[in-house]
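Chemist: This structure is in structure tokens; I'll ask about it shortly.
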């Protein structure tokens, strides 16, 4: 029987001895440089990595067969908080983490307990990953190997240079911005810092402050909505009678007000530039049947019970616009059929029967009340038909946003796509509305195992990807790129369009210290944008044992940004 493993090992050993994957300058061969994202080393490589690195290896080998001088390097990414989070969980003997590393990754116990130090995690999995690459037969040039963070002084110097130059160009700014935040550890969270939920978007809710008169005191019920223009069509409010709400003193923007929000909302709002003092806790049923005033129209509307209101989503206070919101329409229909619910709260069923829908938007193909028509069309009979109601909601919201014309003064005749922001800004200026940020889904969990919140950070450092001049240059570069398949180009354009300021530093985790503010550490995506350039010089740095302190910013300027100058080379060599 042929021993294929022995054959593999024989040729892998020979490849290494002959250094056949380490290209040398050859003017007679065309050059081909291929890179692929370096792996993050919080554990062993898995089958997904096998696919990721087999594809470029096949391309590299094919290009060599075509006569190209191929450069295919590899390095290791260890920046950020995930590895630190693992070390913390092992230190505290977290059962799930221990199970993964001892029983799944098969880390010997005598080594596992050394993982309380994140550096030992890095060393162990870096060695294992390289062995895996070699055993897989990937044709990598290992002479250019490096890893990220201050643990590698040479690459650390390269990132220091990159950030100094970005700051000089005004592309790194300091200010306030919303970020994902671990409330237990107290740190911003990038994509690599998340165990779950990295693709969950952040939504901007408009909080419209409906007014409740209580013993001569003005109390606000801030209804959270993604459609502020529909405030003109509110017929009632919804609260969850079984949820816990709080009456709280809220200080923000020089104001001091009394709000009623869900207990969960009070906690979240405390991270968003609001000082929250809880005065009272009570069940939502306490306010069912009371009336609040619409701050825009002045209408008095009743508060009705609704178990569909999620206290853990936004404020837990919902305004009802049944003409344009399928869930609101069907919830009112359910109450009409189940009058015993109303009687429980001493609400006369005739009040519900007398609710008049308010049409706000002209929409071709629909009558006055699009939500009613769409619910009927899909055959939704009650709130139990959630899938149909969600489909109806998406259909109506999309159609009204793109094709709807608002028909209420003073915004009559304006497309909904424009009037939405106009009304929101007008309400904010008048002090009757504010903003709350919320995740579109709840499963946003940090690598430390904690549920994330959204926090407004002040004095945070950002890379200003929204800079108009920089963005214009990026679009110019994109048009010069060859992208396969070509259909992917639209995705690049879309990302370029929405990309704005991005937090680039954290106060916890492995990484390169921010050169002008070293208590901050450059985060894991911000230090992995131009490392492909470092590959081009890493072989010489590794071969000649050049130290990190020798790699001064002027040297990187000369290598990457300037024309060759023998006089300058001499000056730099003396430094």
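Chemist: Identify the residue in the range 234-256 that is in a strand (DSSP E or B) and free of Cβ contacts under 8 Å to residues at least 40 places away in the same chain and, among all such residues, is surrounded by the most Cβ atoms within 10 Å (Cβ to Cβ). Talk me through it step by step, then tell me what you get.
Modeler: Of all residues in the range 234-256, those in a strand (DSSP E or B) come to 236-239, 244-252, 255-256.
Next, only the ones that are free of Cβ contacts under 8 Å to residues at least 40 places away in the same chain stay: 246-251, 256.
On the way: 246: 21, 247: 18, 248: 24, 249: 13, 250: 20, 251: 14, 256: 10.
That would be 248.
Chemist: Do we have any residue at all in the range 55-74 that's under 24 Å from residue 152 (Cβ atoms) and part of a loop (DSSP other than H, G, I, E, B)?
Modeler: yes
Chemist: Test of understanding: among 497, 459, which residue is surrounded by fewer than 16 Cβ atoms within 10 Å (Cβ to Cβ) and in contact with a strand residue (DSSP E or B) (Cβ under 7 Å, 6 or more places away or on another chain)?
Modeler: Details: 497 fails: in contact with a strand residue (DSSP E or B) (Cβ under 7 Å, 6 or more places away or on another chain).
One residue alone meets the criteria, 459.
Chemist: Would you point out the residue of the range 124-148, among those that are touching a strand residue (DSSP E or B) at 6+ places or on another chain (Cβ under 6 Å) and either more than 16 Å from residue 57 (Cβ to Cβ) or without any contact (Cβ under 8 Å) to a residue 12 or more places away in the chain (or both), that is surrounded by the most Cβ atoms within 10 Å (Cβ to Cβ)?
Modeler: First, pick out the residues of the range 124-148 that are touching a strand residue (DSSP E or B) at 6+ places or on another chain (Cβ under 6 Å): 126, 141, 144, 147-148.
Remaining after also requiring either more than 16 Å from residue 57 (Cβ to Cβ) or without any contact (Cβ under 8 Å) to a residue 12 or more places away in the chain (or both): 126, 147-148.
Details: 126: 16, 147: 18, 148: 29.
Among those residues, the one meeting the criterion is 148.
Chemist: Suppose we keep only residues that are within 12 Å of the chain's Cα centre (by Cα) and assigned to a strand (DSSP E or B) within the range 434-457. Which one would you say is farthest from residue 97 (Cα to Cα)?
Modeler: Of everything passing the filter in the range 434-457, 438 is farthest from residue 97 (Cα to Cα).
Chemist: Listed residues 374, 387, 340, 400; which is in a helix (DSSP H, G or I) and in contact with a strand residue (DSSP E or B) (Cβ under 6 Å, 6 or more places away or on another chain)? Even if it seems obvious, please write down each step before you answer.
Modeler: Values: 374 fails: in contact with a strand residue (DSSP E or B) (Cβ under 6 Å, 6 or more places away or on another chain); 387 fails: in contact with a strand residue (DSSP E or B) (Cβ under 6 Å, 6 or more places away or on another chain); 340 fails: in contact with a strand residue (DSSP E or B) (Cβ under 6 Å, 6 or more places away or on another chain).
So the residue among 374, 387, 340, 400 that is in a helix (DSSP H, G or I) and in contact with a strand residue (DSSP E or B) (Cβ under 6 Å, 6 or more places away or on another chain) is 400.
Chemist: Within the range 521-575, take every residue that is in contact with a strand residue (DSSP E or B) (Cβ under 9 Å, 6 or more places away or on another chain) and assigned to a helix (DSSP H, G or I) and give me the one that is farthest from residue 193 (Cα to Cα).
Modeler: In this case the residue turns out to be 539.
Chemist: Something else about it: Please work out which residue is nearest to residue 191 (Cα to Cα), limiting yourself to the range 50-94 and to residues that are under 31 Å from the mean Cα position of the chain (by Cα) and without any contact (Cβ under 8 Å) to a residue 24 or more places away in the chain.
Modeler: Out of the qualifying residues, it is 52.
Chemist: Restricting to the range 177-207, name every residue that is at pLDDT 85 or above, touching a helix residue (DSSP H, G or I) at 6+ places or on another chain (Cβ under 7 Å) and over 18 Å from residue 267 (Cα atoms).
Modeler: Selection gives nothing.
Chemist: Among the residues of the range 102-120, write down those that are closer than 28 Å to residue 9 by Cβ, touching a helix residue (DSSP H, G or I) at 6+ places or on another chain (Cβ under 8 Å) and assigned to a helix (DSSP H, G or I).
Modeler: Of everything in the range 102-120, just one residue is closer than 28 Å to residue 9 by Cβ, touching a helix residue (DSSP H, G or I) at 6+ places or on another chain (Cβ under 8 Å) and assigned to a helix (DSSP H, G or I), namely 111.
Per-residue answers, yes or no, for (1) surrounded by 13 or more Cβ atoms within 10 Å (Cβ to Cβ); (2) more than 16 Å from the chain's Cα centre (by Cα):
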| position | (1), (2) |
| --- | --- |
| 468 | no, yes |
| 474 | yes, yes |
| 484 | no, yes |
| 488 | no, yes |
| 503 | yes, no |
| 525 | yes, no |
| 528 | yes, yes |
| 534 | yes, yes |
| 546 | yes, yes |
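Chemist: Here's a follow-up. Do we have residue 53 as assigned by TED's automatic domain parsing to the domain that holds residue 103 and closer than 16 Å to residue 131 by Cβ here? Steps first, please.
Modeler: Numbers: assigned by TED's automatic domain parsing to the domain that holds residue 103: yes; closer than 16 Å to residue 131 by Cβ: yes.
When the stated conditions are applied, residue 53 passes them.
Chemist: Moving on to the next point. Among the residues of the range 1-51, write down those that are surrounded by 14 or more Cβ atoms within 10 Å (Cβ to Cβ), in a loop (DSSP other than H, G, I, E, B) and touching a helix residue (DSSP H, G or I) at 6+ places or on another chain (Cβ under 8 Å).
Modeler: Within the range 1-51, 21, 22, 34, 35, 36, 38, 39, 41, 42, 43, 44, 45 qualify.
Chemist: Same structure again: Confirm whether residue 115 is within 29 Å of the chain's Cα centre (by Cα), buried (at least 19 other Cβ atoms within 10 Å of the Cβ), in the same structural domain as residue 535 (by TED's automatic domain parsing) and in contact (Cβ under 8 Å) with a residue 40 or more places away in the chain.
Modeler: On the way: within 29 Å of the chain's Cα centre (by Cα): yes; buried (at least 19 other Cβ atoms within 10 Å of the Cβ): yes; in the same structural domain as residue 535 (by TED's automatic domain parsing): yes; in contact (Cβ under 8 Å) with a residue 40 or more places away in the chain: no.
Here the answer is no, as residue 115 does not meet what is asked.
Chemist: Of the residues 409, 425, 390, which single one is exposed (fewer than 15 other Cβ atoms within 10 Å of the Cβ), within 18 Å of residue 205 (Cβ to Cβ) and free of Cβ contacts under 8 Å to residues at least 24 places away in the same chain? Full working, then the answer.
Modeler: Details: 409 fails: within 18 Å of residue 205 (Cβ to Cβ); 390 fails: within 18 Å of residue 205 (Cβ to Cβ).
When all the criteria are applied, what remains is 425.
Chemist: Continuing with the same structure: Any idea which of 535, 558, 531 is in contact (Cβ under 8 Å) with a residue 12 or more places away in the chain, closer than 30 Å to residue 182 by Cα and touching a helix residue (DSSP H, G or I) at 6+ places or on another chain (Cβ under 8 Å)? Write out each step before concluding.
Modeler: Values: 535 fails: closer than 30 Å to residue 182 by Cα; 558 fails: closer than 30 Å to residue 182 by Cα.
One residue alone meets the criteria, 531.
The values are calculated or read from the model by the stated rules, or taken from the named source; none is laboratory data. These numbers come from a predicted model, not from an experiment. Neighbour counts run over all protein chains shown; Cβ positions are idealised from the backbone, glycine included.
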